[in-house]
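Data block below; observations after.
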Amino acid sequence: MPAPVDRGAPVCELQRRLAAAGFDPGPADGVYGPRTRRAIMQLQQTCRLAADGIAGTNTLKALALLLPHRPEPGRRLSPHFKEEEFACRCCGMVRVNSYLVEKLEQLRARLGGRPVTITSGYRCPAHNQAVGGARLSQHLLGNAADIIIRDIPPGKVAAAAGEFGFPGVGQYSGFTHVDVRPGNPARWSGAV
Ligand SMILES: [Zn+2]
């Protein structure tokens, strides 16, 4: 296993990447100090990894997925979900929280293993605005997916997602919104 990043140029790069993903490691000074450590712990909490403040392999992988990037065609994030399924419908870029993928995989299994279609995953700011998304939508962060599960009505999917501990669940007539937002859980139903 490669050694965790701890000092110098790799730390500058890590700090820049943390900032680009929305965390605050302070200035990119190459010093793995308390602020950088705290930013790493916030990232780990966001992705529900053990919050040890160490930039190990899994943490760096999770960070790479959370940064806006172009998906690798065909790349699987889990047995049933490909990176490209989470991509923005307008620009093709993607951000995805690895914990969202893990939860979706578990929900899929729980609901009998039927295929899960993601109708909206990551939304870039322009696309989010175009579809009338909330200003601080979890879709902007790669924390959310709107899903349809074959043969299961959205109400049932929403109920299962709620029971199953998705922090955010929105029930709509044609799909279900699920997300892994940090902080307080949210439940709502909408019209669309
Ligand atoms: Zn876009």
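The gain in end-to-end length when the ALA19 to ARG75 segment is fully stretched comes to 17.6 nm, 0.36 nm per residue minus the alpha carbon separation.
Checking the a/c ratio against 1.5 first, then a/b against b/c, what shape does the Cα gyration tensor give for region 57-156? It comes out oblate by the Cα gyration axes.
I need the shape label for region 1-93. Rule: rounded when a/c is under 1.5, else prolate if a/b > b/c, else oblate, with a, b, c from the alpha carbon gyration tensor. Intermediate values should be presented prior to the final figure.
Working: a/c = 2.15, a/b = 1.76, b/c = 1.22.
In terms of gyration-tensor shape, prolate.
Per-atom-type breakdown for the chain gives carbon and sulfur 55% of the accessible area (1.4 Å probe, protein chains only).
Dividing the summed -39500 (n - 2.57) terms of all DSSP H runs of n ≥ 4 by the residue count of the chain sets its mean residue ellipticity at 222 nm at -10000 deg cm²/dmol. The Cα trace of the chain gives Rg and Dmax of 17.1, 53 Å, the first to one decimal, the second as a whole number.
Summing +1 for each Lys or Arg and -1 for each Asp or Glu among the other residues whose beta-carbon sits under 14 angstrom from that of HIS80 gives +3.
Think of region 83-189 as a dipole: +1 on every Lys or Arg Cβ, -1 on every Asp or Glu Cβ, centred on the Cα centre; then among TRP188, PRO167, ALA130, TRP188 lies furthest on the positive end.
Straight-line reach from LYS156: taking Cα to Cα under 29 Å and skipping same-chain neighbours fewer than 8 places apart, the lysines in range are LYS82, LYS103.
Can you tally the net charge around VAL157? Count Lys and Arg as +1, Asp and Glu as -1, for every other residue whose Cβ sits under 12 Å from the Cβ of VAL157.
Details: positive: ARG108, ARG110, ARG114, ARG150, LYS156; negative: ASP146, ASP151, GLU163.
Counting the neighbours of VAL157, the net charge comes to +2.
The values are calculated or read from the model by the stated rules, or taken from the named source; none is laboratory data. Treat the numbers as computed from the prediction; the structure is a model and nothing was measured. We place every Cβ from the backbone using ideal geometry, glycine too, and count neighbours over all the protein chains shown. These area figures cover heavy atoms from the full protein model, side chains too; ligands, DNA and RNA do not enter into them. Shrake-Rupley method; radii C 1.70, N 1.55, O 1.52, S 1.80 Å.
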